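Undergrad: Take this structure, written in structure tokens, and hold onto it; I'll ask about it next.
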Amino acid sequence: MARLRFLGHSAFEIEIGGKNILIDPFITGNPQAAVKPGDLHPDYIIVTHGHSDHLGDSIDIAKKNNATIIAPYELAVYCGNKGAKTHPMHIGGSYPFDFGVVRLTLAIHGSAIVDGEDIISAGNPVGVVIEADGKSIYHAGDTGLFGDMKLIGDRYKPQIALLPIGGNFTMDIDDAAYATKLLKPDVVIPMHYNTFDVISANPEDFAKKVGSAAKVVILEPGEEYEF
Ligand code: NI
Ligand code: MN
């Protein structure tokens with residue numbers, strides 16, 4: 001049995017393959033945050049891109065727990081320079097970790113780190129597919145709708161898809177419902193909505209648009225889902 005906990009915004013904690021894995025742990029400054037950074041004790045932290053609502057507390061949590069940050073190369077170098085243990089990867093690459101295989105995928109978005117008045121390039125943003133314990137989970141990161149989601153669906157067959165629905169910076173409800181049809185997961189969990197006014201969205205409307213294409217599981221921050 002694997003367990004996934006929604007931490008608010010695009011942050012998830014996943015227990016799979018005997019390890020604790022965080023994705024995009026934006027906790028400090030996250031109005032939806034269901035936990036405190038000190039409550040989290042990951043073995044790995046997967047970071048999809050450099051925006052502050054995804055990189056979040058990754059570096060601090062990684063250092064406190066001796067966890068490994070898995071990120072696209074340029075972002076991994078940045079985190080390494082800040083003292084975190086890292087495993088750099090890149091789009092299309094996969095690696096067999098001790099809990100399962102991590103594969104980075106395309107995401108149509110940006111990835112700069114804004115540090116005061118400086119904008120630091122962190123390379124390309126990514127999505128991620130985790131294959132472990134006979135299960136496959138796709139976290140889309142921040143992205144617009146793109147046709148190769150069909151390829152991700154055909155090739156990696158994610159059972160669970162975590163998709164942004166808030167619009168403005170990413171797919172909105174309509175595009176995320178279309179993405180669900182391309183990805184063909186058993187379960188889709190909406191994320192990246194209602195954290196800020198500009199990404200307001202009603203997940204029940206998303207569920208209606210998805211219809212019978214997948215089971216929509218709407219998680220409140222802090223809520224868990226077992227699979
Ligand atoms: Ni972003
Ligand atoms: Mn974002």
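Undergrad: For the range 109-128, which positions are of a type in the set (Gly, Ala, Ser) and modelled with pLDDT under 95? First the steps, then the outcome.
TA: To start, the set of residues in the range 109-128 that are of a type in the set (Gly, Ala, Ser) comprises 110-112, 116, 121-123, 127.
116 - this is the single residue of the range 109-128 that is of a type in the set (Gly, Ala, Ser) and modelled with pLDDT under 95.
Undergrad: Looking at (1) open to solvent by less than 10 Å² (accessible area, probe 1.4 Å); (2) part of a loop (DSSP other than H, G, I, E, B), which one does residue 28 not meet, given that it meets all the others?
TA: Among (1) open to solvent by less than 10 Å² (accessible area, probe 1.4 Å); (2) part of a loop (DSSP other than H, G, I, E, B), residue 28 violates only (1).
Undergrad: For the condition over 18 Å from residue 108 (Cβ atoms), open to solvent by 50 Å² or more (accessible area, probe 1.4 Å) and aromatic (Phe, Trp, Tyr), what is the one hit in 196, 169? Can you show your working first?
TA: Values: 169 fails: over 18 Å from residue 108 (Cβ atoms).
Every option except 196 fails the conditions.
Undergrad: I would also like to ask the following. Taking the residues in the range 174-193 that are under 17 Å from the mean Cα position of the chain (by Cα) and over 21 Å from residue 222 (Cβ atoms) as candidates, determine which candidate is surrounded by the most Cβ atoms within 10 Å (Cβ to Cβ). Break it down into steps so the answer makes sense when it comes.
TA: First, the residues of the range 174-193 that are under 17 Å from the mean Cα position of the chain (by Cα): 176, 179-180, 183, 185, 187-193.
With over 21 Å from residue 222 (Cβ atoms) added as a condition, the list becomes 176, 179-180, 183, 185.
Details: 176: 30, 179: 26, 180: 24, 183: 24, 185: 23.
Among those that are under 17 Å from the mean Cα position of the chain (by Cα) and over 21 Å from residue 222 (Cβ atoms), it is 176.
Undergrad: Follow-up. Please verify whether the range 139-151 includes one or more residues that are hydrophobic (A, V, I, L, M, F, W, C), open to solvent by less than 30 Å² (accessible area, probe 1.4 Å), under 16 Å from the mean Cα position of the chain (by Cα) and over 20 Å from residue 188 (Cβ atoms).
TA: From the range 139-151, those hydrophobic (A, V, I, L, M, F, W, C) are 140, 145-146, 149, 151; that's our starting set.
Right, trim to open to solvent by less than 30 Å² (accessible area, probe 1.4 Å) and you get 140, 146, 149.
Among the residues that remain, those that are also under 16 Å from the mean Cα position of the chain (by Cα) are: 140, 149.
Filter again for over 20 Å from residue 188 (Cβ atoms), leaving none.
No, there is no match, as no residue in the range 139-151 is hydrophobic (A, V, I, L, M, F, W, C), open to solvent by less than 30 Å² (accessible area, probe 1.4 Å), under 16 Å from the mean Cα position of the chain (by Cα) and over 20 Å from residue 188 (Cβ atoms).
Undergrad: Another one. Kindly indicate the residue of the range 107-122 that is away from ligand 2 (no atom under 16 Å from the Cβ) and in contact (Cβ under 8 Å) with a residue 24 or more places away in the chain and also least open to solvent (accessible area, probe 1.4 Å) among those meeting that condition.
TA: So the residue we want is 120.
Undergrad: Could you give every pair whose Cβ atoms fall below 7 Å, whose first residue belongs to the range 1-14 and is open to solvent by less than 10 Å² (accessible area, probe 1.4 Å) and among the polar types (S, T, N, Q), and whose second residue is in a strand (DSSP E or B) and at pLDDT 95 or above, counting only separations of at least 6 or pairs across chains?
TA: Filtered contacts from the range 1-14: 10/164; 10/191.
Undergrad: I would also like to ask the following. Given 129, 188, which one is away from ligand 2 (no atom under 16 Å from the Cβ), within 21 Å of residue 55 (Cα to Cα) and in contact with a helix residue (DSSP H, G or I) (Cβ under 9 Å, 6 or more places away or on another chain)?
TA: Values: 188 fails: within 21 Å of residue 55 (Cα to Cα).
Step by step, each of 129, 188 is checked, and only 129 is away from ligand 2 (no atom under 16 Å from the Cβ), within 21 Å of residue 55 (Cα to Cα) and in contact with a helix residue (DSSP H, G or I) (Cβ under 9 Å, 6 or more places away or on another chain).
Undergrad: How many residues, within the range 26-39, are within 16 Å of the chain's Cα centre (by Cα) and within 20 Å of residue 68 (Cα to Cα)?
TA: Number of matching residues: 2.
Undergrad: Sticking with this structure for a sec: Would you kindly identify the helices (runs of 4 or more DSSP H) lying entirely within the range 44-99 that contain at least 3 residues that are away from ligand 2 (no atom under 16 Å from the Cβ), of a type in the set (Lys, Arg) and open to solvent by 60 Å² or more (accessible area, probe 1.4 Å)? Quick ask: steps written out before the conclusion?
TA: On the way: elements: 52-55, 58-65, 73-81.
In the range 44-99, no matching helices (runs of 4 or more DSSP H) lie anywhere.
The values are calculated or read from the model by the stated rules, or taken from the named source; none is laboratory data. Everything numeric here is computed off the predicted structure, so don't read it as measured data. Cβ coordinates were reconstructed from backbone atoms using ideal geometry, including for glycine residues, and neighbour counts include every protein chain displayed. These accessible areas exclude ligands, DNA and RNA; they are computed on the full protein's heavy atoms, side chains included. Shrake-Rupley method; radii C 1.70, N 1.55, O 1.52, S 1.80 Å.
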